[in-house]
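The values are calculated or read from the model by the stated rules, or taken from the named source; none is laboratory data. If you're wondering where the values come from, they're calculated on a predicted model, not measured in any experiment. For neighbour counting, all protein chains shown are included, and Cβ atoms are generated from backbone atoms with ideal geometry for every residue, glycine included.
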Amino acid sequence: MKTALSMLCILFLMMLPFTISSTEKWTETEKIDSNPYDYVIITTDHLKNSLKEFAIWKEGLGYSVKIVTLSHINENYGGKNQADKIRNFLIDKYEEWKIKYVLLVGSIRNIPMKFLYADPEHKYCDPSDYYYADLTDNWDSDGDGFPGEYGDDKLTLHPDVYVGRLPFDDPDEIKNYTKKLIRYEMDNGKWKKKALLIGPLTDDEYHCILGGDWWVEPLKNNILRPAGFECITMYEKEGLVVCPLPCDYPLNEKNVVSVWSQGYGLVEWFSHGSEKAAWRVVWHTLEKPDWIPFIQSCDAPLLNDAQPSIVWSHGCLTAKPGCLDNLCYSLLRHGAIITCGATRGWGEYGELGREFNRRIIMGESMGEAFWNAKVYSLTHNKNTPIERYAIVYGMTLHGDPSLHIYLTNRPPLQPSQPFPANASGNIRSPIKLDWADCKDLDGDKVIYDLYLGKTKNLTNENLIASNLTDSEYIVQNLEDNSCYYWRVVAKDAKGLKRSGPIWTFYTVDNYSPTINITFPKKNHIYIFGLDKGRIPFGTIIIGGITIITSAHDNLVIDRVEFYIDDLLKSVKTEEPYCYRWDEKVIGIHTIKVVAYDKSNNFSKDAITVFAII
């Protein structure tokens, strides 16, 4: 009996580590953070820092934002592939954190889409972000390895979170989009209620489908104009078969680019599409039509990015994720604030597009309108059930899913014009920090919170004054030989916030910098910038040479000055501190360098050379 009991204990102990390890991976993030976050951003470590200003802006509008990296997800969640791991993270957290919006930041190279198979015979599949929106369904309920099959997989396709995607891997593109987003949300101009509607011929057969007839006209007359939108139309007027409806401009690429550049809140078309273009069908002869693009990826830089549009691209492949300069991505970089386009293409997107427009005009966010329109389209689209699934799988939202056309309340303008000026030095305590009054475009009263600390990462622990009614504050007891960072947050009466940039200043510096000429060296010979080795005496330079220095300070180097024979030749304010000496000279000359800090303390170094340049 004792032997059997001992064996059972040994077996239990052997199993215990495996039990612990399998649960630790799944619950580790719960130990780390259980706060509610209604806006979650999923991205790579490489892009995380480029999203900080985006997160600050959204938090100022009242969202609670959490940036989660793939490395964190991969360390804590299992799955057959990266898409499964991301979805398992969302399944684990969406109820606990009360997630409403999910922004995927990165191309499919880093943040993959899931291939969904609407056709049970698996003849085609659609790259899709729907996999991350519907977190309740089992996408492969029949277990055959083909998720999303109509009929075979038991799906409701109800979105639990509203998903958008910034399909960029370049940090600068993320920062540019953030700046554009802030401008857009602060702008309640009338241009947002202008719509450019494009209706080319869309069929290859002689008995053409008139896109303007059954797509643009109902959208214009039944949805946009009743909501007060000014609608500009472009229809096909070239060739033997034309659209009989009147329009504002004949459809061609030149007109689209020219008119669009004037600033439109909405730009939409119903057409054929490809990765980098949307197409007209022009019947120059009755034998075969010509396909001519009316908007291409290469046109995007010509558009008006100061008044970026919400773009609905009703056409195949314009958001093909494997093509990183596809039409939708290119427009999102320049010309658009939101793009909706198909990753592949199947059937008719008309009901989906009209419902999306109806909902954003009613005041829903882009994410709410987009995903609710998909649900609507599943029961109201005229295509077959399989085609309906394929349509909603492939249509993708690019941009901020929480975006609205208009904000009913906007935060104050960003704090600016700091005193002391940013990066000022030799500041003595006490100092009055000052900034320009922040106007509120809605007329709300503005108050301020002030953060100050010795690290750039300012947190609530660095809050030194709150609810200030004046745009100034006197700071006491600053320490000498220190760098301070400060930030002002402007708040309106309704609680919306606008953070200023992080500014810096340097207090009195009691220590001088150091500087050394590291190239050229004493007792060396240089020929056209190459060190040819030591010589017994002196320094000889033949041909042009780059003078290189090494400068250091306990706080910061303000500038390094380069002199030849006491004549100032160059001033460098940032590394590398170097100067290209290539003027025509011959004889003995003195190279001198002087380094200054913010308190105007200085040090210098010099070398005498024989130069033939």
Looking at Gly189, Gly228, can you tell me which residue is under 25 Å from Leu352 (Cα atoms), at pLDDT 90 or above and surrounded by fewer than 16 Cβ atoms within 10 Å (Cβ to Cβ)? Gly228
Inspect the stretch 105-115 for any residue being over 19 Å from the mean Cα position of the chain (by Cα), surrounded by fewer than 24 Cβ atoms within 10 Å (Cβ to Cβ) and not in a helix (DSSP H, G or I) and give the result as yes or no. yes
Provide a single number: the residues in the stretch 379-427 that are at pLDDT 95 or above and basic (Lys, Arg). 0
Does any residue of the stretch 582-604 turn out to be closer than 19 Å to Leu530 by Cα and hydroxyl-bearing (Ser, Thr, Tyr)? no
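Among residues belonging to the stretch 552-589 that are of a type in the set (D, E, K, R) and surrounded by fewer than 11 Cβ atoms within 10 Å (Cβ to Cβ), point out the one that is nearest to the chain's Cα centre (by Cα).
Narrowing the stretch 552-589 to residues of a type in the set (D, E, K, R): 553, 558-559, 561, 565-566, 569, 572, 574-575, 580, 582-584.
Add one more test, that the residue is surrounded by fewer than 11 Cβ atoms within 10 Å (Cβ to Cβ), and what stays is 566, 574, 583-584.
Working: Asp566: 49, Glu574: 28, Glu583: 46, Lys584: 50 Å.
Residue satisfying both the conditions and the ranking: Glu574.
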If you take the residues in the stretch 440-470 that are within 31 Å of the chain's Cα centre (by Cα) and among the small types (Gly, Ala, Ser), which one is farthest from Ser512 (Cα to Cα)? Gly443
For Thr469, indicate whether it is free of Cβ contacts under 8 Å to residues at least 60 places away in the same chain and more than 30 Å from Val311 (Cβ to Cβ). yes
Confirm whether Tyr596 is over 29 Å from Ser482 (Cα atoms), of a type outside the set (D, E, K, R) and buried (at least 17 other Cβ atoms within 10 Å of the Cβ). no
Log entry, pairs with first residue in the stretch 216-239 being farther than 14 Å from Pro250 by Cα, second being assigned to a loop (DSSP other than H, G, I, E, B), beta carbons closer than 8 Å, six or more apart or on different chains, reads Glu217/Leu245; Phe229/Gly265
Complete set of residues in the stretch 440-455 that are hydrophobic (A, V, I, L, M, F, W, C) and either crowded, with 16+ Cβ neighbours inside 10 Å or under 20 Å from Tyr511 (Cβ atoms) (or both): Val446, Ile447, Leu450, Leu452
Looking at the stretch 150-171, can you tell me whether even one residue there is small (Gly, Ala, Ser), at pLDDT 90 or above, surrounded by fewer than 20 Cβ atoms within 10 Å (Cβ to Cβ) and not in a strand (DSSP E or B)? no
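Residue by residue, here is whether (1) part of a strand (DSSP E or B); (2) at negative phi; (3) under 30 Å from the mean Cα position of the chain (by Cα); (4) surrounded by 20 or more Cβ atoms within 10 Å (Cβ to Cβ) holds:
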{"site": "Cys247", "(1), (2), (3), (4)": "no, yes, no, no"}
{"site": "Val256", "(1), (2), (3), (4)": "no, yes, yes, yes"}
{"site": "Gly263", "(1), (2), (3), (4)": "no, no, yes, no"}
{"site": "Trp269", "(1), (2), (3), (4)": "yes, yes, yes, yes"}
{"site": "Glu287", "(1), (2), (3), (4)": "no, yes, no, no"}
Evaluate the following for Gly148: is it under 24 Å from Ala369 (Cβ atoms) and among the small types (Gly, Ala, Ser)? yes
Could you check the stretch 41-96 and list, in sequence order, the residues that are assigned to a loop (DSSP other than H, G, I, E, B), on the phi < 0 side of the Ramachandran plot and not hydroxyl-bearing (Ser, Thr, Tyr)? Leu61, Gly78, Lys80, Asn81, Glu95, Glu96
